[in-house]
1. Which fully enclosed strands (runs of 3 or more DSSP E) of the stretch 1-76 have 1 or more residues being polar (S, T, N, Q)?
2. Name the residues in the stretch 36-71 that are among the β-branched types (V, I, T) and surrounded by 14 or more Cβ atoms within 10 Å (Cβ to Cβ), would you?
3. Which numbered condition trips up T11, out of (1) without any contact (Cβ under 8 Å) to a residue 60 or more places away in the chain; (2) within 26 Å of S175 (Cα to Cα); (3) within 12 Å of the ligand (Cβ to nearest atom)?
4. Taking the stretch 47-65 on its own, how many of its residues are farther than 17 Å from P75 by Cβ and more than 11 Å from the ligand (Cβ to nearest atom)?
5. Is it true that some residue in the stretch 87-100 is outside any helix (DSSP H, G or I) and among the charged types (D, E, K, R)?
6. Being free of Cβ contacts under 8 Å to residues at least 24 places away in the same chain and not acidic (D, E) is the filter; apply it to the stretch 137-163 and report the residue that is farthest from T8 (Cα to Cα).
Amino acid sequence: MILVIGGTGTTGRIVAATLAERGHPTRIASRRPSPGGFRFDWYDPATHPEALGGVRAIYAIPPVGEVDPAPIMLPFLDRARSAGVRRVVLLSSSAIGPAEHGLGLVHARLGELFPEWAVLRPSWFMENFVSEQPHAVSARDHGEIVSATGAGRVGFVDPADIAEVAVRALTDPTSHNIDHVITGPEALSYDEIAAVLSEVSGRSVKHRAVDAAELAARHSANGVPPDFAHFLASLDTEIGAGAEDRTTSTVADVTGRPPRSFRDFCRDRLRGDSASA
Ligand SMILES: NC(=O)c1ccc[n+]([C@@H]2O[C@H](COP(=O)([O-])OP(=O)(O)OC[C@H]3O[C@@H](n4cnc5c(N)ncnc54)[C@H](OP(=O)(O)O)[C@@H]3O)[C@@H](O)[C@H]2O)c1
């Protein structure tokens, strides 16, 4: 049994569906489970023991919006080890390495806790620009995407590529026992992203560059808790300084196929949007 925590989210739902297609018994866990899913809340330990029954491996999406997830995640992972879980694949971020605090601390402890593990460190998701994500809504309603990244570039990645790496890390006979920095095929600035969105959707989309304080205020106005809003804005500042201007060969190395480009991702995902606009 493979437990997919956050199995209704952006990568989790693709991971769960792919595992099931390939014949792996899968338990989909989240706070508001879909039919057949399992109720699990990182913040409610009463939901934890049952989720672990018969589980061999876990795909772990951290509690979303939590600046310091370690005190919430580590007791659960201790319990998982005691319950016989052998392998854990943690979804982290390219912006977070192993560290003494925050999600980096969970990353740093994973190999001590479990004989089999992997940490996925994807760059920013292409998904942020489609469906009801804030950039997508802003592009659709106001013809702009807003960032504090300046001219900085990001190796945006398709969540389906992240999910395929996750599935391999969960099911390959030999555990990866490594952290994977996962990017798409090219690093793009937000100006370049806006140009592709305009081209594919047929509607003008511009990038408006703001400073980190203004961006944090925008996030807060959209309901993001203040400390997390500042954390997100600080990541944009780091992008502006070049922190995400890179590509890796992880997707091709692990899955045997190249990662999808942003243009191809948009052609697939925005076709329906522009038809219904
Ligand atoms: N977006 C990006 O560009 C980006 C880039 C790099 C890394 N990441 C990382 O990706 C991770 C997930 O992002 P996402 O966009 O996939 O999120 P998402 O689509 O919102 O999915 C989150 C999933 O976790 C579940 N969940 C949320 N809070 C939970 C809780 N307290 N207990 C149990 N389940 C909970 C949600 O379902 P319920 O709401 O029903 O519980 C959902 O299934 C984050 O850790 C983020 O740092 C994102």
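1. On the way: elements: 2-5, 26-30, 57-60.
In the stretch 1-76, the matching strands (runs of 3 or more DSSP E) lie at 26-30.
2. T47, V55, I58, I61 - these are the residues of the stretch 36-71 that are among the β-branched types (V, I, T) and surrounded by 14 or more Cβ atoms within 10 Å (Cβ to Cβ).
3. With respect to (1) without any contact (Cβ under 8 Å) to a residue 60 or more places away in the chain; (2) within 26 Å of S175 (Cα to Cα); (3) within 12 Å of the ligand (Cβ to nearest atom), T11 is out only on (1).
4. The qualifying residues number 4.
5. yes
6. Ranking the qualifying residues of the stretch 137-163, first place goes to H142.
Quick grid of which residues meet (1) within 30 Å of K206 (Cβ to Cβ); (2) away from the ligand (no atom under 14 Å from the Cβ):
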residue: V85; (1), (2): no, yes
residue: H101; (1), (2): no, yes
residue: G104; (1), (2): no, no
residue: F114; (1), (2): no, yes
residue: F125; (1), (2): yes, no
residue: G150; (1), (2): yes, yes
residue: D158; (1), (2): yes, no
residue: I162; (1), (2): yes, no
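Read-outs: derived from the displayed coordinates by stated rules, not from any lab. The structure displayed is predicted, hence computed values, not measured ones. Don't worry about glycine lacking a Cβ; one is built from the backbone with ideal geometry, like all the others, and counts go over all protein chains shown.
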